[in-house]
Amino acid sequence: MFFVGLLQSLLLLAAAPLLSGMSRMLRAKFHSRRGPGVFQDYRDLRKLLARPEIIPPEAGPIFRITPYVLLTSMLLVAAVIPALIERSPMAAAGDLITVIYLFALGRFFFALCGIDSGSIFAGIGASREATLAVLNEPVMMLSLFVVALLAHSTNLGVISATIFAGQTPAYAATAMAMLAFGFSIFVEMGKLPLDLAEAEQELQEGPLTEYSGRSLALMKWGLYLKQAVTVTLFIAVFVPFGASASLSPLSLALAFLVLGIKLVVVFVAISFIENTVARIRFLDSSRLTFVAASAAVLAFAFSLAGV
């Protein structure tokens, strides 16, 4: 089982730049321009890894360790998600509370590194990250707790199996929780109308301002991996069909193929939605998250009513 978790982490780590590159390519196609190739993010990472690293003299230890914390926390989440098999590869850690805390840990360090860099611009970007976390994380937590409540377990494998078997006692609550969680991963991925993933010089990428060379490559790779992991978590919990019931190589290969297709479908759908909306002012983002929070609260009410 540990091997499957490790395999999931490595596969998502390898595929994350490809999925990000596909999103950038689709965005360019929607805008009727040529844009970068689908492998451009791999070339960018290779270029940055080969360059020397410059650390600002004002930077503290948080600035130095954040690339590793971000990447490690996302790899741990990737290892416990029931993506390739029907249960969590690491059942002891495959708890949604653990997953939520790992997401929060990555975002916390991402915001803190901006302040620790000593740059005013990076500090402003860090405060923006913290504000988004305050608005979005309650939606993510409540929507996942609703499906946990319906499955009578906080284990991701049990939740996934309950939804796949159609044994959830409240379909409307599950559907509303799926809608709210879908919105929260949209925010986590840094998509329009709240964010623009390619806006590297704007405030949303402020914490990255002082990074260079290998550290910048690891930060970017961590953010690519975060996008892939959040979508995989959504698929594993709410669209769990196709996962393997055994550990045979053929069954795992088939599950990997199905997971790859589902990831591509979700990323294409997200790219389509992203490019059909306009960017909004950051101060108006609370209105959108309020709608998502309302959906999550409604899902909780439905779960209590059993509908």
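The values are calculated or read from the model by the stated rules, or taken from the named source; none is laboratory data. From a predicted model like this one, the values you see are computed outputs, not experimental measurements. FYI the Cβ positions are ideal-geometry reconstructions off the backbone, even for glycines, and counts take in every protein chain you see. We work out accessible area using only protein heavy atoms, side chains counted, and drop any ligands, DNA or RNA first. Shrake-Rupley method; radii C 1.70, N 1.55, O 1.52, S 1.80 Å.
Observations
- Percent of Cα pairs exceeding the 20 Å cut-off, where the set is region 98-155: 38
- Compared with the dominant Cα axis of the chain, that is its longest principal axis, helix 120-151 is turned about 10°.
- Basic side chains Lys and Arg get +1 at the Cβ, acidic Asp and Glu get -1 at the Cβ, and with that the dipole of the chain about its Cα centre reaches some 720 debye.
- Heavy-atom accessible surface of the chain: percent carbon and sulfur, 1.4 Å: 72
- Between 0 and 90 degrees, the angle of helix 285-305 with respect to the longest Cα principal axis of the chain falls at about 20 degrees.
- Rounded to 10°, Cα long-axis angle of helix 2-30 versus longest principal axis of the chain: 70
- Evaluating 6.51 cos²θ - 1.76 cosθ + 1.60 at θ = phi - 60° for every residue in region 209-216, the Karplus couplings come out as 3, 8, 7, 8, x, 4, 4, 5 Hz, glycine and proline recorded as x.
- Judged by the mean number of other Cβ atoms found within 10 Å, the most tightly packed of the peptides 40-46, 226-232 leads the ranking 226-232, 40-46.
- Nearest-20 debye value, region 29-159 charge dipole, Cβ charges on Lys, Arg, Asp, Glu: 640
- Translational diffusion of the chain, estimated by Stokes-Einstein from the Kirkwood radius over alpha carbon pairs at 37 °C in a medium of 0.692 mPa s, is 166 µm² per second.
- Cα extents of region 1-138 along the three principal axes, largest first (Å): 46, 39, 33
- Per residue, the accessible area of the chain comes to 45 Å², computed with a 1.4 Å probe over protein heavy atoms only.
- Calculated Rg and Dmax of region 1-55 using C-alpha coordinates, Å: 14.9, 45
- log₁₀ of I(q)/I(0) at q = 0.18, 0.23 Å⁻¹ - region 231-273, Debye sum with one point per alpha carbon: -0.52, -0.76
- Relative to its Kirkwood radius, the Cα radius of gyration of region 218-307 gives an Rg/Rh of 1.07.
- Leading residue at positive end of dipole, the chain (Cβ point charges), from 177, 249, 304: 249
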